[in-house]
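A short worksheet on the structure shown next.
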Amino acid sequence: MKISAFHLMPHRELPPDFEKRYESVWVTPPWWELADARRVGQYYNWTLDELLYAARSGLDGVCTNEHHQNAYGFMPSPNLMGSVLAKLTTGMNVAIVQMGATLPTSNPPIRVAEEYAMLDCISGGRLVAGLPLGSPMDVNLCYGITPMEHRERYREAFALTLKAWQAREIFPWNGRYYQLANVNLWPRPIQRPHPPVWVPGSGSISTFDFAVENDVCYCFLSYAGARSARTMMDRYWEVVSERGRDANPYRAGFLQLVAVSETDTRAEEEYARHVEYFYHKCLHVPAQWFSPPGNQDYRSLVATTSNPVRRAENPKTLRYRDFVEKGYVIAGSPATVRDRLKEEVIRGLRVGNLMVLLQIGSMPHELALKNIDLFAREVLPHLRDSWADDGWVNHWWPEGLRGSAPQRAAVGRST
């Protein structure tokens, strides 16, 4: 089992009435009213400190991601963050999991191939290359890519990126969206034929079809928890079987919000307001922006709109106990958290690559460090061997890191 610390890098101090005063946390939140550059600089440094703390605490990987024009998670360049982490974790058995740089918004997309190759070289071959399609808010509304072209651009960029990593000769590329006379990548990744590739999705059937066709790890990124994801993940495993792929749990990843404290009661006292902040403010986005016309193919659109959880529940009407009971967040004592992760997520979804979001919404730095520490000491060791007796090999993890788990270093709360 490989378990990585995921981080959004959110705005932690939005005003109490944010969701009532502003149209959206994404695309249109006014910078000058809501943010201060020096305070944002502190957020970035806290984020790096928290991820480094997770690495030193024994988690298998550290994850960054890309979003634009928003206060929900603003790492417009995940590779800047990843480069810092790659250097600071030198000598550690920790993967640099980029979840990741968005291909359709890079022109030409070999810029992503180049930067990922740099990260693989800096880290000594520890890169996991997330190649996301990108959200409609980022790609269509912020970066101006026509929704109808979004997926076609992505698939061409994906093919170009993998070829650029592997080709031994200089080659031209004459595609529909990208034309390059000379593709001759410098540098190349250490990992051959290329770093392991993860493709994140949030419920689009075409995305996990694509992942199975290309034999990459499909990572379901959802904030509604494992129960909501069960139908989609069951369908994913059906596609795996239909295409003649093995049922290796490591070809699946999942993102889960986790909050650990000494007891279930203490967890509610410490984390309730931060969980509610996340779902009420950080996910405050007009529903129509998630699916602009043309962005989804017909099958995926039907699957999205027919999901009863998506149709019936508005997270703004829920409170902490609702989020915990429904599985949106797995929170409580170490025993509660590890039992629910094992049953609902790991075995329930057949997942071998788990990403845990341990800094949630407005959670302050010290509380985030406590959450990371308790998770690493009291939960992580009980999950590591979840698939050990099944004989599966994690082909979607850096080969040099597959054999042994990271060692927990002597860490203090101040980083």
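Out of the residues in the stretch 358-401 that are in a loop (DSSP other than H, G, I, E, B) and over 20 Å from the mean Cα position of the chain (by Cα), which is farthest from Pro195 (Cα to Cα)? Taking the candidates together, the pick is Pro364.
Each residue in the stretch 253-280 was checked for being out of contact with any helix residue (DSSP H, G or I) (no Cβ under 7 Å at 6 or more places or on another chain) and closer than 18 Å to Thr207 by Cβ, and 2 pass.
Contact map, the stretch 107-136: residues that are within 25 Å of Gly400 (Cβ to Cβ) paired with residues that are in a helix (DSSP H, G or I) and of a type in the set (Val, Ile, Thr), Cβ distance under 6 Å, separation 6+ or inter-chain. Pairs shown: Ala113/Thr161. Taken over the stretch 298-351, residues that are surrounded by 18 or more Cβ atoms within 10 Å (Cβ to Cβ), in a helix (DSSP H, G or I) and at pLDDT 95 or above amount to 14.
Go through the stretch 169-190 and count every residue that is under 25 Å from Arg299 (Cα atoms) and either of a type in the set (Ser, Thr, Tyr) or in a strand (DSSP E or B) (or both).
Going residue by residue through the stretch 169-190, those that are under 25 Å from Arg299 (Cα atoms) are 176-177.
If we keep only those that are either of a type in the set (Ser, Thr, Tyr) or in a strand (DSSP E or B) (or both) as well, we get 177.
Count: 1.
Limited to the stretch 244-266, what total is found for residues that are over 26 Å from the mean Cα position of the chain (by Cα) and not basic (Lys, Arg)? Break it down stepwise before answering.
Step one: of the stretch 244-266, the residues over 26 Å from the mean Cα position of the chain (by Cα) are 244, 262-266.
Checking the rest, the ones that are also not basic (Lys, Arg) come to 244, 262-265.
Result for the stretch 244-266: 5.
All conditions in (1) farther than 16 Å from Met81 by Cα; (2) in a strand (DSSP E or B); (3) among the β-branched types (Val, Ile, Thr) hold for Val139, with the sole exception of (2). Take Arg192 and tell me if it is touching a helix residue (DSSP H, G or I) at 6+ places or on another chain (Cβ under 7 Å), basic (Lys, Arg) and modelled with pLDDT of 95 or more. No; evaluated as a whole, the condition is false for this residue. Just one of the numbered conditions (1) touching a Pro at 6+ places or on another chain (Cβ under 8 Å); (2) assigned to a strand (DSSP E or B) is not true of Met355: (1).
Please determine whether any residue of the stretch 151-161 is of a type in the set (Gly, Ala, Ser), within 24 Å of the chain's Cα centre (by Cα), part of a helix (DSSP H, G or I) and modelled with pLDDT of 95 or more. Explain how you work it out, then say what you get.
So in the stretch 151-161, the residues of a type in the set (Gly, Ala, Ser) come out as 157, 159.
Pick out the ones that are also within 24 Å of the chain's Cα centre (by Cα) and you get 157, 159.
Remaining after also requiring part of a helix (DSSP H, G or I): 157, 159.
Still in the list and also modelled with pLDDT of 95 or more: 157, 159.
Within the stretch 151-161, one or more residues are of a type in the set (Gly, Ala, Ser), within 24 Å of the chain's Cα centre (by Cα), part of a helix (DSSP H, G or I) and modelled with pLDDT of 95 or more.
Please go through the stretch 70-121 and give me each residue that is in contact with a strand residue (DSSP E or B) (Cβ under 6 Å, 6 or more places away or on another chain) and of a type in the set (Gly, Ala, Ser), ordered by number. Listed by number, the residues that qualify are Gly82, Ala86, Ala95, Gly100. Any residue in the stretch 360-379 that is surrounded by 16 or more Cβ atoms within 10 Å (Cβ to Cβ), hydrophobic (A, V, I, L, M, F, W, C) and either at pLDDT below 95 or touching a His at 6+ places or on another chain (Cβ under 7 Å) (or both)? Looking for residues that are surrounded by 16 or more Cβ atoms within 10 Å (Cβ to Cβ), hydrophobic (A, V, I, L, M, F, W, C) and either at pLDDT below 95 or touching a His at 6+ places or on another chain (Cβ under 7 Å) (or both), one finds at least one in the stretch 360-379, hence yes. Return yes when Leu160 is touching a residue at least 40 places away in the same chain (Cβ under 8 Å), closer than 24 Å to Phe6 by Cβ and either of a type outside the set (D, E, K, R) or surrounded by fewer than 23 Cβ atoms within 10 Å (Cβ to Cβ) (or both) and no when it is not. When the stated conditions are applied, Leu160 does not pass them.
Please work out which residue is surrounded by the most Cβ atoms within 10 Å (Cβ to Cβ), limiting yourself to the stretch 380-391 and to residues that are among the hydrophobic types (A, V, I, L, M, F, W, C) and touching a Gly at 6+ places or on another chain (Cβ under 9 Å).
Just the residues of the stretch 380-391 that are among the hydrophobic types (A, V, I, L, M, F, W, C), to begin with: 380, 383, 387-388.
So of that shortlist, the ones also touching a Gly at 6+ places or on another chain (Cβ under 9 Å) come out as 380, 387.
Numbers: Leu380: 25, Trp387: 20.
Ranking the candidates gives Leu380 first.
Evaluate the following for Arg340: is it of a type in the set (D, E, K, R), closer than 19 Å to Ala55 by Cβ and out of contact with any Cys (no Cβ under 9 Å at 6 or more places or on another chain)? Against the criterion (of a type in the set (D, E, K, R), closer than 19 Å to Ala55 by Cβ and out of contact with any Cys (no Cβ under 9 Å at 6 or more places or on another chain)), Arg340 does not qualify.
Can you find even one residue in the stretch 215-233 that is of a type in the set (Lys, Arg) and over 24 Å from Gln98 (Cβ atoms)? Checking the stretch 215-233: at least one residue is of a type in the set (Lys, Arg) and over 24 Å from Gln98 (Cβ atoms). A residue that is without any contact (Cβ under 8 Å) to a residue 40 or more places away in the chain, surrounded by 18 or more Cβ atoms within 10 Å (Cβ to Cβ) and at negative phi occurs somewhere in the stretch 138-155. Quick check: anything in the stretch 267-278 farther than 30 Å from Ser362 by Cα, within 20 Å of the chain's Cα centre (by Cα) and hydroxyl-bearing (Ser, Thr, Tyr)? The answer is no; no qualifying residue exists. Among residues of the stretch 333-348 that are free of Cβ contacts under 8 Å to residues at least 40 places away in the same chain, those with a Cβ under 6 angstrom from a residue that is outside any helix (DSSP H, G or I) and surrounded by 18 or more Cβ atoms within 10 Å (Cβ to Cβ), sequence gap 6+ or separate chain, pair up as Arg340/Ile330.
Residue-wise test of (1) basic (Lys, Arg); (2) touching a Gly at 6+ places or on another chain (Cβ under 7 Å); (3) closer than 23 Å to Leu255 by Cα.
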| residue | (1), (2), (3) |
| --- | --- |
| Thr102 | no, yes, yes |
| Val139 | no, no, yes |
| Arg155 | yes, no, no |
| Ala159 | no, no, no |
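The values are calculated or read from the model by the stated rules, or taken from the named source; none is laboratory data. Just so you know, these numbers come straight off a predicted model, no measurement behind them. Neighbour counts run over all protein chains shown; Cβ positions are idealised from the backbone, glycine included.
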